[in-house]
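The next block holds one structure in the form of structure tokens; read it before the comments.
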Amino acid sequence: MFNEPLDIKIPDGKIIFHEGFFSLEESHRLMQSLIKTIDWTQDEVIVYGKRHKIPRLNAWYGDEGKVMKYSGLSLEPKTWTKELLEIKSKIEEASGTKFNSCLLNYYRDGKDGMGWHQDNEKELGINPIIASVTFGETRPFQLKHISNKELKKVDIPLSNGSLLTMAGETQHYWKHQIPKTTKTLESRINLTFRQIL
Ligand SMILES: O=C(O)CCC(=O)C(=O)O
Ligand SMILES: [Mn+2]
């Protein structure tokens, strides 16, 4: 039923969605250990001169020296944990791609989210491959084309244990977001593996 990677056809981009990439049992075990072992923080950003806490917890792990610039933040990576290396090696094997960094986001409930953005920081290179793993609650991952208004929004429900890969020109032409909702939701952890040049 699950376990077949699906090519989600979008113009000007490449997206592969693999539902049930991790089994339910693995997903549960990994989510529980990530909650405990990751050094979660709630970063602040400055928008129009005012400080705001971002609406989620986050963490940055990776190879030494791979500094991440993200929404005006400069994050030094923490050292890989056992679970992160386990997840990384599984997705590297499946995708045939190596990753040296991982941004983790912990959406505590529906009030946490992430606004429209592109993962187009210059340290990711021209056409980055970004592998996104979800544990816990299903949240809609929405994409909208930056200039072609004829194209409909794309909405992919990222379920527990799923792996979504963005590649090709996706980061040039599409923005993505995890919308906030007033619905009562359980928590969700997302990991985006990246290759910082
Ligand atoms: O939580 C998600 O699925 C998206 C995360 C994301 O877009 C990011 O970390 O840049
Ligand atoms: Mn992103």
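The values are calculated or read from the model by the stated rules, or taken from the named source; none is laboratory data. If you're wondering where the values come from, they're calculated on a predicted model, not measured in any experiment. Here the Cβ is made from the backbone with ideal geometry for all residues, glycine too, and neighbour counts use every protein chain on show.
Annotations for the structure displayed:
- Meets criteria (in contact with a helix residue (DSSP H, G or I) (Cβ under 7 Å, 6 or more places away or on another chain), among the hydroxyl-bearing types (S, T, Y), in contact (Cβ under 8 Å) with a residue 40 or more places away in the chain and not in a strand (DSSP E or B)) for S27: no
- Residue match in the range 168-191 (condition: more than 10 Å from ligand 1 (Cβ to nearest atom), over 29 Å from V47 (Cβ atoms) and either of a type outside the set (D, E, K, R) or within 15 Å of the chain's Cα centre (by Cα) (or both)): yes
- Selection of first residues in the range 142-154 that are more than 21 Å from G113 (Cβ to Cβ) and of second residues that are assigned to a strand (DSSP E or B) and at pLDDT 95 or above, restricted to Cβ pairs under 7 Å at least 6 apart or on distinct chains, gives the following pairs, ordered by first then second residue: L151/H145.
- Residue list for the range 91-105, restricted to those being buried (at least 17 other Cβ atoms within 10 Å of the Cβ) and away from ligand 2 (no atom under 15 Å from the Cβ): I91, S95, N100
- Any hit, the range 113-134, residues being farther than 19 Å from M68 by Cβ, more than 16 Å from ligand 2 (Cβ to nearest atom), at pLDDT 95 or above and part of a strand (DSSP E or B): no
- Among (1) part of a loop (DSSP other than H, G, I, E, B); (2) more than 17 Å from I126 (Cβ to Cβ), the one test that F193 misses: (1)
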